[in-house]
1. Looking at B:L159, is it closer than 26 Å to B:V82 by Cα and in a helix (DSSP H, G or I)?
2. How do the pairs read when you match residues in the stretch B:323-338 that are acidic (D, E) with residues anywhere that are surrounded by 24 or more Cβ atoms within 10 Å (Cβ to Cβ), using Cβ under 7 Å and keeping only pairs 6 or more apart or on different chains?
3. Answer with yes or no whether B:T49 is within 30 Å of B:P238 (Cα to Cα) and out of contact with any His (no Cβ under 7 Å at 6 or more places or on another chain).
4. Considering only the stretch B:337-361, state which residues are in contact with a Ser or Thr (Cβ under 6 Å, 6 or more places away or on another chain) and modelled with pLDDT under 85.
5. If B:S307 meets every condition in (1) under 18 Å from the mean Cα position of the chain (by Cα); (2) surrounded by fewer than 22 Cβ atoms within 10 Å (Cβ to Cβ) apart from one, which number is that one?
6. Among the residues that make up the stretch A:54-69, is at least one of them part of a helix (DSSP H, G or I) and modelled with pLDDT under 90?
7. Name the residue, out of B:V133, B:V82, B:V73, B:V92, that is within 14 Å of another protein chain (Cβ to nearest Cβ) and either at pLDDT below 95 or surrounded by 24 or more Cβ atoms within 10 Å (Cβ to Cβ) (or both).
8. Restricted to the stretch B:182-239, and to residues that are among the basic types (K, R) and in contact (Cβ under 8 Å) with a residue 24 or more places away in the chain, which residue is surrounded by the most Cβ atoms within 10 Å (Cβ to Cβ)?
Amino acid sequence: MELIVASTVGVLTAGGVYLLLRLRTFPVILGLALLSYAVNVFLFASGRLAIDQSPILAKYGEATYTDPLPQALVLTAIVISFGMTAVLVMIGLGAYLEAESDRVDIEPEMRDATDKGESA
Amino acid sequence: MHWIILPVVLPALLAPLIGFVMRHDIVLARTASLAGTAAFFAIALGLTTMAADGATHVYRLGAWPAPFGIILVLDRLSALMVLLTGTLAFIVLVHAIATGWDARGRHFHALFQFQLMGISGAFLTGDVFNLFVFFEVLLIASYGLMIHSGGKERMRAGLQYVIMNLAGSTLFLFALGTLYASTGTLNIADLAARIPEIPAEETALVRVAAILLMIVFAVKAALFPVQFWLPATYANAPAPVAALFAIMTKVGAYAILRVHTTAFGPGVPGTESLAGTWLFPAAIVTIAVGAFGVLGARRLMPLIAFSVVGSMGTLLVSVAAFSTTATTAALYYMIHSTLAAACLFLIADLVVTRRSADTLHPEPATAQNGLFAALFFAAAIAMAGMPPLSGFLGKLLVLDAIRAPGFIGWAWSAILVGSLFTIVGFARAGSALFWKSTAIADPVPQTAVDAAADTPSHATTVQVAPVMLGLIALAALAIFAGPVSAYLDDTSAQLFDRKGYVDAVMDPVEEG
């Protein structure tokens, strides 16, 4: 169980970082989505893994329970990352339509209007 | 006492009202936004007087006791930061309205209010997860403001800014998860109480969380090696927005001060020397990056953006010492550099909209060349740290506070040489923009004027007033340096009184 969750987080993060470094809008957005999935699973696991347990203390004493706080944190994180992804898609689309290129990095001639002939 | 939550609630209520009800009436939106920001400033002033008694005021939402419920904490430091935000916001808003920037795209005022809400919430919160939430609020508003009025380069720079910050937010969540897994709490006061109880050999995860958090805050504070987003963002943002963003880098510096002093700070085995060890060399390199950037910039806006990077370096060198005297110096320099950077961006806006581009080459002198030159000169000497304005005193305080052997050599040479580079860079920019342009007697017909075409060449009093106000604030900061630094001494003493903070927050007795 721990191995599956840990390797899931690891694989998702690795994929996210790889896609983040692609420097084209669409892979970068996918990469950020993967990263946010990874972090959601990670946050969820930060309250320890407990299977088939209720998030409330049923009875004081020997009863085990799963920590409810990380679940609330994950919910907040999911909502925020969902909204942020939507904003990112809109801004990425806007930048693509304005510049007619989906590159994320700024090309040399855009950095400085005065030295257009200069190469990077 | 519900005053503490007002700096968050007021803009939060006003912003949707402006966004939905007043979106077709710019005059109404301007009036509401101005009134709201003035009220924000008044509330901030009230909170500052309230916090001046030295007590740590705690606001428990829903009256839940501290480690379980959401809390806002008002002490001298957070009150000071909210007041600084209010001052800056008012100056920037008047400028944006007077120059018509707010009418060049939609929803400027609604986003502006949301931005105020996020910033003041980040300063007031006493919980690291809510710090994350307020970071997101201020970021999502800043994305909208960053690409306000559009344009190819601005969209491109805005996209980079958004991606950078989304990656930073993910890292923030990883840090919070690690912290929660190892301590079982995210309340700053509870963290401060629990982390010292962890045996030193078991603090590995806490140390990881502390460093991850520092990287996240360093992204916001534009610290080397994660400073690269700042010049492109600030240089391409609308000038009033760039001026407002001057406080955003300080949110990062504030978060480092708050979290790494209170939770991981001095006296905590395992994490106490962690932040300073990494922060100091990074801040030194940041000063160098800023200085070389100022010297090498070919356009006015990147030049100012790099001077902001350099000033963040100076500020964080002082923060990295984690001592009361150094924190006093850091806070003084923080107030100064926020206002100085904002002034520079606002003047740059006045100048650049009257020229064909913001490149640093002589063009025929604009109307009121002398006035703009004088304002630019005043703001530039403030930023570079020359007397008589507060930059000189701020840098003097920082230099005076860092006397520890092993630090003094690096810090003094970096700050002094960095200041020299900044002076040279600004002198070069000023002479190209204002002095050499007077030599071009015959005004050639303007060809490439696009955005400047519809703006009047003469700046009205209202357009110049915000810059003047900022410069007067800088002068006042220099004149009243004694009382201000005495107040800041109390502020940093309160910040380092970790026990007082924990006791005030965890106190089960309700304040009413």
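The values are calculated or read from the model by the stated rules, or taken from the named source; none is laboratory data. It should be emphasised that the depicted structure is a prediction, and the values quoted were computed from it without experimental measurement. A quick note on method: Cβ atoms are made from the backbone with ideal geometry, for glycine too, and the neighbour counts reach across all protein chains shown.
1. No: the conditions fail for B:L159.
2. none
3. Here the answer is no, as B:T49 does not meet what is asked.
4. B:T353, B:R354, B:T359
5. (2)
6. Yes, the stretch A:54-69 has at least one match.
7. B:V133
8. B:K220
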